[in-house]
Amino acid sequence: MQKVFGMISLGCDKNRVDGERLLGEVRRHGCPITDDPEQAQVLIVNTCAFLNAARKEAIETVIEGNSLRSGNLEKIVVTGCLPEKYISELFPALTEGDVFLGVSDATELFPALERAYAGERVNAVGTGCEGGGRVITTPPHLKYLKIADGCFNHCTYCLIPSIRGKYRSYPMEQLIAEAQSLGPTQELVLVAQDTTRYGEDTGENQFVALLKKLSELDNICHIRLLYCYPEVVTDALIAEVRDNPKIIKYLDIPLQHSEDRILKLMGRRGTRSEYLALIARLRREIPQIALRTTFIAGFPTETEEEHAALTEFLRQAQFENCGFFAYSREEGTPAYRLKGQIPARIKERRVRALYRVQEQISQNRLSAFVGRTVKVLCDGIDYERSCFVGHACFQAYDVDGKVFFNAPRAETGTFYDVLIDRADEADLYGKVCREPGRPLPRA
């Protein structure tokens, strides 16, 4: 089967890795891959199902993709979280899809397509396995490594355990081999639903041990940690982040709320005082650390006083980066049955209020860089702004803000010293003040 394949991947970076494994199967079979859906004969839509809005986007993407059948398109493969969770409803209703695969069915892609080309609509969810090789879809200097799948935190608002199952750590030897196979990598980003619980499903937490092993690889220059749950940020992990020169001094720690009553309803294990103590300790132990988190606004029964307390928590914590989401009532979660559901307009108002507070915090923090030199990893060219774009150590790629900079020339995947001359609430702007390997000019 020599068909041209394209992919539209929706959702999180964990989903991106699943999509890269599917493309690995395409490459293994010798088929060409295009980034233009209009040129594809087989279009893979890698879906997210975490929230109702994500499910809607996924279905709309499949329907829009179906319009390409008047051109080159012959088959649509619907894969990922949406069919994994909702295949019984999805398969008869979404007739635009020819093949349906789950989150770990990469090896079934071609057998299922053979059946589809023979005239069958194929439900192959749960019939394959993840596969091996990947086709990297990020800039070549930055790659993700998914170290586990599933989750056993059982937050009351979250569908992930019912979509991806219990927490499953990938074998350490497999992860080391995969990281080696990625080739020269300036930044390796570790992801999972909860990276900090790596190994606990097999009897003992092995996250720090994994970090040490990955740090020994010559092809890996820097390691960034995402999705670190606060109660598992241990003494050993703090020491490793502090003392290991390969680990970027940055932690993404999803907190979801600050107030004890709401945290308990969410099924979260922490408290406001514990969170503030952890933040203070991280900044004391690792003074240069950047902290990112996420919060949910409008969880059932959240009062105006608790919302105000959350905004005050933001002012106390002074996070470098934050994301805010309106609570989404998801059928099948314990929170779905809670009384005191909050109207959408109030949830959205609270989200906007939280963003306003954080934007001021972020702008104040970023303004402190004006007139200073920042080490920036070049991610490419921003053609709309006619300049280069990259990210600093306190910015996660494709999640936080960016650094836009001018230079006579710049190479993707290379670090540059950028003199910052302007900041806004999200991004920094400046110009290269020296090229790699050259000393800074004297004043």
Residues that are open to solvent by less than 40 Å² (accessible area, probe 1.4 Å), touching a helix residue (DSSP H, G or I) at 6+ places or on another chain (Cβ under 8 Å) and at pLDDT below 95: does segment 163-174 have at least one?
yes
Which residue pairs have Cβ atoms closer than 6 Å, lie 6 or more positions apart in sequence or on different chains, and pair a first residue in segment 352-380 that is farther than 21 Å from ALA410 by Cα with a second residue that is modelled with pLDDT under 95 and not in a helix (DSSP H, G or I)?
GLU359/GLU425; SER362/GLU425; GLN363/GLU425
Could you check GLU96 against (1) surrounded by 19 or more Cβ atoms within 10 Å (Cβ to Cβ); (2) part of a loop (DSSP other than H, G, I, E, B) and say which number it fails?
(1)
Of those in segment 61-78 that are small (Gly, Ala, Ser) and without any contact (Cβ under 8 Å) to a residue 12 or more places away in the chain, the residue most open to solvent (accessible area, probe 1.4 Å) is SER70
Please determine, by comparing only the residues of segment 3-21 that are of a type in the set (A, V, I, L, M, F, W, C) and open to solvent by less than 10 Å² (accessible area, probe 1.4 Å), which one is nearest to PHE110 (Cα to Cα).
PHE5
Output for segment 370-392, where each listed residue is surrounded by 20 or more Cβ atoms within 10 Å (Cβ to Cβ) and charged (D, E, K, R)
ASP379
Can you tell me which residue among GLN358, GLN395, GLN341 is within 30 Å of PRO300 (Cβ to Cβ), open to solvent by less than 80 Å² (accessible area, probe 1.4 Å) and assigned to a loop (DSSP other than H, G, I, E, B)?
GLN341
The listed residue being closer than 23 Å to THR34 by Cβ, buried (at least 17 other Cβ atoms within 10 Å of the Cβ) and among the aromatic types (Phe, Trp, Tyr), out of TYR144, TYR117, TYR157
TYR144
Taking the condition of a type in the set (S, T, N, Q), modelled with pLDDT of 95 or more, within 25 Å of VAL374 (Cβ to Cβ) and surrounded by 14 or more Cβ atoms within 10 Å (Cβ to Cβ), does ASN244 pass?
yes
Identify, please: which residue in segment 302-338 is of a type outside the set (Ser, Thr, Tyr), assigned to a loop (DSSP other than H, G, I, E, B) and open to solvent by 30 Å² or more (accessible area, probe 1.4 Å) and is, among those, nearest to ASP400 (Cα to Cα)?
GLU320
Residue in segment 213-241 that is farthest from LEU338 (Cα to Cα), counting only those that are out of contact with any strand residue (DSSP E or B) (no Cβ under 8 Å at 6 or more places or on another chain), at pLDDT 95 or above and charged (D, E, K, R):
ASP218
Among ARG292, ARG268, which is under 24 Å from ASN364 (Cβ atoms) and out of contact with any Ser or Thr (no Cβ under 8 Å at 6 or more places or on another chain)?
ARG292
Do you know which residues across segment 104-126 are in contact (Cβ under 8 Å) with a residue 40 or more places away in the chain and assigned to a helix (DSSP H, G or I)?
ALA106, THR107, LEU109, PHE110, LEU113, GLU114, ALA116, TYR117
Might you check whether a residue that is more than 17 Å from LEU101 (Cβ to Cβ) and touching a helix residue (DSSP H, G or I) at 6+ places or on another chain (Cβ under 9 Å) occurs anywhere in segment 39-47?
no
Could you count how many residues in segment 32-60 are open to solvent by 10 Å² or more (accessible area, probe 1.4 Å) and under 21 Å from GLU130 (Cβ atoms)?
3
Segment 206-225, subset open to solvent by 10 Å² or more (accessible area, probe 1.4 Å) and under 22 Å from the mean Cα position of the chain (by Cα), residue nearest to CYS393 (Cα to Cα)
HIS222
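The values are calculated or read from the model by the stated rules, or taken from the named source; none is laboratory data. What you are looking at is a predicted structure, and each value in this text was computed from that prediction instead of being measured. Using ideal geometry, Cβ is built from the backbone for each residue, glycine included, and neighbour counts are taken over all protein chains shown. Side chains included, ligands, DNA and RNA excluded: accessible areas come from the protein's heavy atoms. Shrake-Rupley method; radii C 1.70, N 1.55, O 1.52, S 1.80 Å.
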